[in-house]
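Q: This is the structure I want to talk about, given as structure tokens.
The values are calculated or read from the model by the stated rules, or taken from the named source; none is laboratory data. Not measured: the values here are computed from a predicted model. Methodologically, a virtual Cβ is constructed for each residue, glycine included, from the backbone with ideal geometry; neighbour enumeration extends over all protein chains shown.
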Amino acid sequence: MIKQPQFDAEYYRRFYANPSTAVVTKAAARAEVKFVLAFCAHIGVEIRRFADVGAGTGWWAREFSRQYPRCDHVETYDRSPDAVRLYGHKQLSIEKLGGRPADLVVCRDVLRYVPDAAAAAAIRSLARKCRGVLYLHVITREDEVDEAASDMTGYFRPARWYLTRLTAAGFRNAGMGLFVSRKFVGFDPFAIELPKSR
């Protein structure tokens, strides 16, 4: 059995609210959202509907709304009763995600806490929800982790585990956690071909 953290008020205080122990600084949050929005603009995704799945404290959606105020529909979801109570999200397990498709879907630091079957189902749900870009941030077995700053719980799967399932669900990997849905037909990435070794 994999140890799971308690996603309660103390967890959010320690890893997000307290500047001395927070895993994301305000500057890093601004830069991350700006980066994702720049990619969306670059490939021509107009964000009319946004969804933050596993929103936690809601920092991503708040920063998104600050940087992209013209988006009319901002949806936030979380499974944690405390996150729902404290931050106003709709309570939902990620594998049960549904509703109208969104142009930008963010799923940050969620899938590593979900067992394999549920994580695979969650990826399929994310594919149904996303009609543009998915930004997926998940720590994998290959990543270096600051063990003093992280809760070090969950399932540290190989990156290939996620990539295989994301591809099967209809996403194209654009790198840096950005995946483009096959529903967005305007995406025409550059192909870098390496010569075959002799």
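Q: When the residues of segment 19-42 are filtered to those that are at pLDDT below 95 and of a type in the set (Val, Ile, Thr), which remaining residue is surrounded by the fewest Cβ atoms within 10 Å (Cβ to Cβ)?
A: Of everything passing the filter in segment 19-42, Thr25 is surrounded by the fewest Cβ atoms within 10 Å (Cβ to Cβ).
Q: Taking segment 43-69 as the search range and keeping residues that are part of a helix (DSSP H, G or I) and polar (S, T, N, Q), which one is surrounded by the most Cβ atoms within 10 Å (Cβ to Cβ)?
A: Top of the filtered list is Ser65.
Q: Hey, another quick one. Could you tell me how many of the residues in segment 91-122 are under 14 Å from the mean Cα position of the chain (by Cα), of a type in the set (Lys, Arg) and assigned to a loop (DSSP other than H, G, I, E, B)?
A: 0
Q: Kindly indicate whether any position in segment 118-127 is touching a Gly at 6+ places or on another chain (Cβ under 8 Å) and in contact (Cβ under 8 Å) with a residue 24 or more places away in the chain.
A: yes
Q: Oh, and also: Pairs under 9 Å by beta carbon, first residue within 12 Å of Asp103 (Cβ to Cβ) in segment 62-75, partner buried (at least 18 other Cβ atoms within 10 Å of the Cβ) and of a type in the set (Asp, Glu), six or more apart or different chains?
A: Between residues of segment 62-75 that are within 12 Å of Asp103 (Cβ to Cβ) and residues that are buried (at least 18 other Cβ atoms within 10 Å of the Cβ) and of a type in the set (Asp, Glu), the close pairs are Phe64/Asp52; Cys71/Asp103; Val74/Asp52; Glu75/Asp52.
Q: Quick test for you: out of Lys129, Lys196, Lys183, pick the one residue that is on the phi < 0 side of the Ramachandran plot and either at pLDDT below 95 or acidic (Asp, Glu) (or both). Give the steps one after another, and end with the answer.
A: Working: Lys129 fails: either at pLDDT below 95 or acidic (Asp, Glu) (or both); Lys183 fails: either at pLDDT below 95 or acidic (Asp, Glu) (or both).
The match here is Lys196.
Q: Name the residue, out of Glu46, Glu75, that is within 15 Å of the chain's Cα centre (by Cα) and at pLDDT 95 or above.
A: Glu75
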